[in-house]
Structure formats: structure tokens, C-alpha cells
Amino acid sequence: MAPQVLQNAFICACNMCIRGGILTLTFDEVLKRPKRGSVDEAIAELKNLLGDKVSTKPADLFSYSHDYWLITFHWLLKGKVPALPDAVVFPESEEDVVNAVRVAHEKGVPLYPYGGGSGVLGGTVPEYGGIVVDLKRLRDLRLYEDDLMVEAGAGVNGYYIEEYLNRRGYTLGHFPQSLYPSTVGGWVATKAIGQFSTRYGGIEDMVLGLRAVIPPGKLIELKPHPRTATGPDLRKLFVGSEGIFGIVTRVWLKVRPYPEERFLLSFASESLEEALDSVRRILHRGARPAVVRIYDRVETKRHFYKFEELYGKIGTVIIVEGDSRLARAEKEIVEREFKGVPAGEEPVRHWLETRFNVKEISEFAPIGVVIDTIEVAVNWSRAAELYENVIRAMKSVKGTLMASAHASHFYDQGVCFYFTFAGVPPRGRSAGEFYNAVWDAAMRATLDSGGTISHHHGIGRHRRGWLAEELGDAYEVLRKVKLAIDEKDVMNPGNMVM
Ligand SMILES: Cc1cc2nc3c(=O)[nH]c(=O)nc-3n(C[C@H](O)[C@H](O)[C@H](O)COP(=O)(O)OP(=O)(O)OC[C@H]3O[C@@H](n4cnc5c(N)ncnc54)[C@H](O)[C@@H]3O)c2cc1C
């Protein structure tokens, strides 16, 4: 019975037009939607247990109808609501979370974990109605200086944890562009990565331990040891799980001493291949700059038009930081290995000042322009090929006005490309249809070029149609694990797996 629930999840949604993960709903349709499970009973029991930590106010239901998935932004501008939950719960303790999961399991009601709502793929959209669980009130923090480790409630805000650590002489080294609107639990659930990742890694490199509540309402703890060989690493099961197994309530993360010294470097190269090759050599010598970003010609003009040395070139910004003597040695390696013309510190300062600016989407969406970003990863041997293929594929979609990329995260084995496209849907095509066509083209080109369809944003509701092809037979393993943990499919149904 249970696997059937999951199998049907993608096609049984009433009155919804579904394609590639898109749900087109209006307020009226949402109100007519049959409930899944005994929603009213679940809400009544939760109100009894949690009191005013449960809200059914229309303003709250509306606020939790979407995340940062671009297409939901376009619907909202047109007065279409992506999907309304029936209630929102604001737990203040792990016990509250246990109660929410237990009641949802018993009553067969969908539950959607919600951190900062900054996910860009519809991961929190309550497509089957039910209950959203906002974790932001789980926000305690504790630093263990001897163990270089911080313990954080899942709802701790990204900017807040970094501030807390900086004031004590430490850093997490995790700076996603969404640092301000995202949470620690969301980072773990989406397998997030920050701008300083080439030195500090992604969140998966920082998680030492965690606690999570899984159906039927059990709190489990995976302790924060420096390393443990106690079977498969179950911590990893929750990293990137996007709320489909349970709710992460607490995390132990590695911290680092605040860097003693920082060097800013930039270079102008004649070709993308030349710049990529330079970074590959730097990494293979063992140097680990914190930030490395290589912008193609279009993006170099867009971001660095003020800097004559970079204009018309491939611009690269690099930050090396850490212990003074080590950082100096790494800077020397960068300067020796990078085959390009040094362009000084100013472009890097400009990048540091503007790195959290994301105003384009809110500026352009109201006038009908569709802009979005797509992050994928590939090994070095096919990096240039993947870049060319994805740009060509996105440009081939009628309506695309611009397609560009920068390489933003680097490894010994390869690189992440972060593509941006912008366009206006051609006559007769909706924003959603145009948006999907560009995404389809980019995903196809990525898979055909040997890449992975997501480097860090995850799968959510938008990418779920492409996951089976990427994972092959392993997709079935993922579905089985999901149903083994969550036999009634109440945890974020429809997200990631179908
Ligand atoms: C402007 C902008 C810039 C961004 N830049 C980056 C970037 O540089 N790097 C990057 O990796 N991402 C980036 N993102 C994407 C997004 O911020 C990350 O995915 C982030 O980790 C989401 O955290 P959140 O707390 O907002 O999670 P939410 O959006 O609330 O949730 C995301 C998913 O995780 C699940 N979830 C949330 N909390 C929990 C929990 N405690 N337990 C179980 N499941 C949970 C949700 O159900 C959902 O499926 C960006 C987004 C925006 C809008």
C-alpha cells in the first residue's frame, strides 16, 4: 500500500496542472482540494498539544505557500497561489517537533519542514496541503572551543551563527549567497555550499553530528565524533534529504579560527579554458584558496564593467586566507600558476561588496522577464565541453535573450558551473512554459555532457522529473529508503522523489 501512495503522488493531485514539477493552482482550486489524511483532527490535536504555536490564520497560510522558486514568484505576481497549507506549526523544542511528526504520521497528514524558505526549487511548497513546520524558533547556539565545534538549533539564521562565531574569534566558513535568509537546518537539508567553499568545503564537510525527528515521531541522535566507523554514515542520510525522511532539529558543525591574513587577487584571461586550467593546476599543487570564481566574457562585463583590465576578458577573482605563513605560501602558488594578467585587488573588493546583491529577479519579473540560475558540476576533462553545450542549449530556446555562467566552486576532480539565463516568453507561451523549456534544455545538455544536474540547490519539486535519469537504478534505492523510514509518505510528499 505505502509504495503505491508514493507512486501516485505525482499524478493524483486534484485540479492541478502538473508538468515537470509545476503545479498551477488558484486560490479557489486550493480551497476545493480534497484533504489528504485527517487534517482537521490533526490540527485539533496539535492545537491541544501546542496551543498558539499552531496557526491557521490566512496570512500565515499564504506566507508559507511558496519559497524562492522563481516560477512561484511569477504566479504570485499574477495572483495565483502555488499551494496553501492547512496550518503552520512553530515548534519551540524538539518535543514540539516530535508531537508534530507523531500526529502527522497517525493522521496521515503531509508535513513540510520549513527553514528560511530560501530554497529555489519549490522544496517547501505544500502541494498536498497539510502542515508546514517552521523551525526558526529552534535557535540556541553553543560553542565548544576545545573541540572547534558549534552546536546549533536547526532554525538558527545563517548570518546570526557567523556573527556569533566571529565575535568569539571563529568562523564557519560557510557563506551561501542566501546567508541572511537561510537556516542551519535548511543548509543541511539541501546540502548547501558557500562562496568560500574551495577552502572550507560544503556543509557536508562541516556536519559532525545531528539530531532528527523521523516518523512515527522518534528523535534520533547521531553524535558529533571526529570520525566514526560504526556502519554506513547515517549523518549523510540527512544531508541533502530535503525533508523527505524527517526533520533535522539540531546540528553540530566544525568551526575554524578566524583567518589571520587575507589576500585578494584577480586576473584577466584570454579564454575560459586558460582560466580553468590555471585553477586546476593551483589545486593540484595543494593550494586551497577560499574563493575562486571564473566569469565568462558576458558575466565579466556584467559584474566588472568598471575595471578596464577585465573588460572583454575572462575575469577571475581569488581570495586566499588563513594562518599568515600558510596563506602567503598559497598566494605565491596562485601567482605562479595562474596564466593571466594580474588585475589587482579592486575587482575582488567590488565582488566582496556586491556578493549578496540579488535584486535582478525582483526588478525584472514584474515586467515579464524570466531570469533564473542553474548550478551543475562536471569533472575537469569535460568542463569546457559542458559549458559550451549548456550555453548553446539554453540559447536555442525561443525567447532566450541571454545565457552566461561563472565557475564558482572547485575541486581536485572538477568544477561547478553556475549558469544564468534571461528571456521573455514568446507569444503564446506562458512564463512557466518558457522557463521549463530552458531548464529542460540545460538539464539535457548537462546529462549528455557527463555532468550532474545539481551541484548545490538540490532537487525540490522543480528538478524531480530529472532525478531518475541521473540516478539510474539507484533511484529505486532512494524511494525504498524513503518509504522504509516514512511508510505513510507524510514527510514532504512530492518533494525530490515521485
Ligand atoms: C538569493 C539566493 C541565493 C542562494 N545562494 C545559495 C548558495 O550560495 N548556496 C546554496 O547552497 N544555496 C543557495 N541558495 C538556495 C538556498 O538558500 C539553500 O538551499 C538553503 O540551504 C535553504 O535553506 P533554508 O533554511 O532557506 O531552507 P528552506 O528553503 O526553508 O527549505 C529547503 C528544503 O529543506 C527542507 N528543510 C528545511 N529545514 C529543514 C529541517 N530542519 N529539517 C529537514 N528538512 C528541512 C525543506 O522542506 C525544503 O525541502 C540561494 C537561494 C537564494 C534565494
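The values are calculated or read from the model by the stated rules, or taken from the named source; none is laboratory data. Everything numeric here is computed off the predicted structure, so don't read it as measured data. With ideal geometry, Cβ positions are generated from the backbone for all residues, glycine too; neighbour counts draw on all protein chains shown. Accessible surface areas use protein heavy atoms only, side chains included; no ligands, DNA or RNA. Shrake-Rupley method; radii C 1.70, N 1.55, O 1.52, S 1.80 Å.
When the range 172-193 is filtered for residues that are touching a strand residue (DSSP E or B) at 6+ places or on another chain (Cβ under 8 Å), small (Gly, Ala, Ser) and either within 9 Å of the ligand (Cβ to nearest atom) or within 20 Å of Gly122 (Cβ to Cβ) (or both), the ones remaining, listed by number, are Ser182, Gly185, Ala189, Ala192. The set of residues in the range 215-250 being touching a Phe, Trp or Tyr at 6+ places or on another chain (Cβ under 9 Å) and either farther than 22 Å from Gly122 by Cα or near the ligand (Cβ under 10 Å from one of its atoms) (or both) consists of Pro215, Leu222, Lys223, Pro224, Phe238, Gly243, Phe245, Gly246, Val248.
Among Ser55, Ser63, which is surrounded by fewer than 22 Cβ atoms within 10 Å (Cβ to Cβ), closer than 29 Å to Ala365 by Cβ and within 15 Å of the ligand (Cβ to nearest atom)?
Numbers: Ser55 fails: within 15 Å of the ligand (Cβ to nearest atom).
On inspection, the qualifying residue turns out to be Ser63.
Can you find even one residue in the range 393-404 that is closer than 28 Å to Arg199 by Cα, touching a residue at least 24 places away in the same chain (Cβ under 8 Å) and open to solvent by 10 Å² or more (accessible area, probe 1.4 Å)? Looking through the range 393-404, none of the residues is closer than 28 Å to Arg199 by Cα, touching a residue at least 24 places away in the same chain (Cβ under 8 Å) and open to solvent by 10 Å² or more (accessible area, probe 1.4 Å).
Of a type in the set (Phe, Trp, Tyr), more than 8 Å from the ligand (Cβ to nearest atom) and open to solvent by 10 Å² or more (accessible area, probe 1.4 Å): which single residue out of Tyr114, Tyr164 fits that description? Can you show your working first?
Values: Tyr114 fails: more than 8 Å from the ligand (Cβ to nearest atom).
Criteria check complete, one pass: Tyr164.
Residue-level check: of (1) within 19 Å of Phe356 (Cα to Cα); (2) open to solvent by 10 Å² or more (accessible area, probe 1.4 Å), Glu151 misses just (1).
Only a single item in (1) within 15 Å of the chain's Cα centre (by Cα); (2) part of a strand (DSSP E or B) is not met by Gln195, and it is number (2). Residue count for the range 93-111, restricted to those that are open to solvent by 10 Å² or more (accessible area, probe 1.4 Å) and under 22 Å from the mean Cα position of the chain (by Cα): 0. Considering only residues in the range 83-92 that are closer than 15 Å to Thr249 by Cβ and open to solvent by less than 20 Å² (accessible area, probe 1.4 Å), the one that is nearest to the ligand (Cβ to nearest atom) turns out to be Pro91.
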